[in-house]
1. Test residue 260 against the criterion of being open to solvent by less than 50 Å² (accessible area, probe 1.4 Å) and part of a helix (DSSP H, G or I), and give yes or no.
2. Surrounded by fewer than 21 Cβ atoms within 10 Å (Cβ to Cβ) and more than 30 Å from residue 21 (Cα to Cα): does that describe residue 120?
3. Out of all the residues in region 154-169, is one or more farther than 15 Å from residue 210 by Cα, touching a Gly at 6+ places or on another chain (Cβ under 9 Å), touching a residue at least 60 places away in the same chain (Cβ under 8 Å) and surrounded by 20 or more Cβ atoms within 10 Å (Cβ to Cβ)?
4. Being more than 21 Å from residue 68 (Cβ to Cβ), of a type outside the set (Val, Ile, Thr) and open to solvent by less than 30 Å² (accessible area, probe 1.4 Å) is true for just one of 312, 324. Which residue is that?
5. With in contact (Cβ under 8 Å) with a residue 24 or more places away in the chain and in contact with a Leu (Cβ under 6 Å, 6 or more places away or on another chain) as the only criterion, which of 231, 289 stands out?
6. Go through (1) acidic (Asp, Glu); (2) under 20 Å from the mean Cα position of the chain (by Cα); (3) over 25 Å from residue 360 (Cβ atoms) and name the single condition residue 264 misses.
7. Mind telling me which of the residues 278, 272, 297, 289 ends up being surrounded by 12 or more Cβ atoms within 10 Å (Cβ to Cβ), more than 28 Å from the chain's Cα centre (by Cα) and not basic (Lys, Arg)?
8. In a strand (DSSP E or B), touching a strand residue (DSSP E or B) at 6+ places or on another chain (Cβ under 6 Å) and not β-branched (Val, Ile, Thr): is that true of residue 149 in this structure?
Amino acid sequence: MTGTSALVERTARVAKVAEEHLARTDCEAAFPVEALAEMRDSGLLGLLVPAAYGGLGGGLADLVEAGMALGRTDTSVGMILAMHCQQAAAVVRYGSEPLRADLLPRIAAGQVYLASVTTEAGKGGHLLSAEAQLGEETPGAALTIDRFAPIVTGGAHADGFLITMRSPGAASENQVSLVYADRAQLDISGSGDWQPLGMRASHSLPLKLTGSVPAHQLLGRHGGFHEIAATLFGPLAHLGWSAVWLGTAAGALSRVLRLLRSPESRGRFDITSELLLTRLSRARQRLDTVHALLRHTLAMVESGGDLTATRSQLLLNSLKITASEQCHAAVEDLIDAVGLRHGYLKDSPTRLELALRDLRSAALNYSNDRLHLADGRLALRDQGVHFA
C-alpha cells in the first residue's frame, strides 16, 4: 500500500488524536491511550500484517512513512507504532502457522497491541544475550516464563508480548529464544514510576512476567534469536526509529519556519539575518542528510540482499547513529536560531523544548557507544571499504 492516500488518512487520524492529548501525556508521563485506540480503530496496528490475515499488507516503505508522519506530532506515539510493527513483522516471518493463524487476524483487527520484552537488569538492552531461562520439561512441551524487565515500552497497556529468554537447557547466555505470550497467559506485575526527561508518553515501566505458553508460540527455533535480530529486529528498529526521529526534527523545523513567516511575527525576527539563515540552513542540511541515508538504507533492506553481510550491518548501524545525532543537533540549531522565548520555553508553538527532550533519548535507545564498538569490529573485516 506504499504511497496510498489510505495510509496518509490513517496516520493523519492518529496524529490528530495524539495532538489533542500531547500536552497532557507529556506533563503526566501518561501512555497515549487515545492515540492507541485510534491505531486500533484505523487498522494501523495491522500495517505490516499480510492482507490474507486481514491486515493492510504494507511494507517497510509504509512503516517509514507512518513513522515520519507520526513523529512530526508526537515522538512517543511514532515510536510506539514503530516498535509494535517490528514485533508484528517478527510474527509474520518467524511465527509458526498455528501462531500466525491465531494472532495475525487479531492484530489486524486492532485487538492486539504488541510490546517488546528484551531488557534485563544485568545486561540492559543488549539483544543477543539473556539471563532468565525458558522452562521446558520435555521437547515440545509448554514453555514456562519467569521474566523481569526493567523497561517495557507500553507494557502496562499491551495485549501481547514478544519476550527474549535464554533457551531451555542452554549453558551460554548467547543462546537466546524469542517467545510470544498473550496477556491472558501471564501473571503481570509492575512497580516503580516512569519520570524520564523525554519520551514521557512511552510509559516504559518495569514488568514482572510469569506464566506458560504452548510450544508453538516459539518464534523461529530455540537459540535462533540472533538470526531474527540480524535479519528483522535490527533492520526494522533502525529504519522505524530513524523515521520517527526524522519526523520529529522535520516537524520542529516546519513549526519554526511557520513562526518566522507568520504575520504575527513580523518585526520580531530579522529573516535577513545571516546568522539566522545559516542556522536554518544547517538544520535543513542535517535533515536532508538523514533522509538520504534513510532512503538508501531502506532500498538496501528492500532489495532482499544479505542483511548479515558486513557492509549491510555497517550501513544499518550508521543510519541509527547518524539519525539519532543529526536530528537532535538540528533541533539544537533551531533553538539557537529563535532564542530563549521560542527555543527554550514549554509554551512556545514551536515545541522545540519537547523535541529536544524526546530526541535526547535517541542516542541512548540501544546505545550509540555499543553500536560504535560493533562497527569498529565490523570495519576491521572490510579492508577494501566496500559500501552497501
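The values are calculated or read from the model by the stated rules, or taken from the named source; none is laboratory data. This is a predicted model, so every value here is computed, not measured. Backbone-built Cβ (ideal geometry, glycine too); neighbour counts: all protein chains shown. Surface accessibility is based on the protein's heavy atoms, side chains included, excluding ligands, DNA and RNA. Shrake-Rupley method; radii C 1.70, N 1.55, O 1.52, S 1.80 Å.
1. In short, yes.
2. When the stated conditions are applied, residue 120 does not pass them.
3. So far as region 154-169 goes, no, none of its residues is farther than 15 Å from residue 210 by Cα, touching a Gly at 6+ places or on another chain (Cβ under 9 Å), touching a residue at least 60 places away in the same chain (Cβ under 8 Å) and surrounded by 20 or more Cβ atoms within 10 Å (Cβ to Cβ).
4. 312
5. 231
6. Condition not satisfied by residue 264: (2).
7. Going through 278, 272, 297, 289 in turn, the sole match is 278.
8. Taking the combined requirement at face value, the residue satisfies it.
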